[in-house]
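Let me begin by presenting the structure, written as structure tokens, before commenting on it.
The values are calculated or read from the model by the stated rules, or taken from the named source; none is laboratory data. For clarity, every value in this text was computed on a predicted model and none was experimentally measured. All Cβ positions, glycine included, derive from the backbone under ideal geometry; neighbour counts span all protein chains shown.
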Amino acid sequence: MASPGQNPGRARRAAGLNMIELLVVLVIVVAVAAYLWPRYVGSRSKPSERYTGPISQARDVVCQGNLNQLRAGIQAATTSDPDGKPPSDLSELAMPADMLKCPTGGEAYRYDSASGRVQCPHPGHEGY
Ligand SMILES: [Zn+2]
């Protein structure tokens, strides 16, 4: 039995958030995430199109840096090779595994051991 002057409903209310309040908070969090996602991750209308946000631009720069490092490593290995041949496989360069694939799409870099050329197969990265 409740003591005089206490409202049992009010005591129960103070214990925590009710379902409506939780749903309102959830809707606000989802709305903020939906607003911020295209600005920071980027947006695309078709799966084949590239993301264009700052994070995807940063990944593009990392891809260019990986390819520059790989090309420098291939050139160094070719120069130090007694026959002047490029390495037969990118794993001979002993680079970290993360540097052997595109950070945007995760595709492994294409390497031609005959010419020593390395390229990114990700759409839009062909010119890197
Ligand atoms: Zn790439």
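Here are the criteria: (1) out of contact with any helix residue (DSSP H, G or I) (no Cβ under 6 Å at 6 or more places or on another chain); (2) modelled with pLDDT of 90 or more; (3) within 11 Å of the ligand (Cβ to nearest atom). Tell me which single one CYS120 does not satisfy.
Among (1) out of contact with any helix residue (DSSP H, G or I) (no Cβ under 6 Å at 6 or more places or on another chain); (2) modelled with pLDDT of 90 or more; (3) within 11 Å of the ligand (Cβ to nearest atom), CYS120 violates only (1).
Got at least one residue in region 79-86 being buried (at least 16 other Cβ atoms within 10 Å of the Cβ) and within 16 Å of the ligand (Cβ to nearest atom)?
No; the residues of region 79-86 include none that is buried (at least 16 other Cβ atoms within 10 Å of the Cβ) and within 16 Å of the ligand (Cβ to nearest atom).
Give me the pairs: first residue in region 111-128 and over 18 Å from SER91 (Cβ atoms), second residue charged (D, E, K, R) and within 9 Å of the ligand (Cβ to nearest atom), beta-carbon distance under 6 Å, and six or more apart or on different chains, which are they?
From residues that are over 18 Å from SER91 (Cβ atoms), the pairs are HIS122/GLU107.
Checking ARG50 against (1) touching a Gly at 6+ places or on another chain (Cβ under 6 Å); (2) among the charged types (D, E, K, R); (3) modelled with pLDDT of 90 or more: exactly one of these is not met. Which one?
Result: ARG50 fails condition (3) only.
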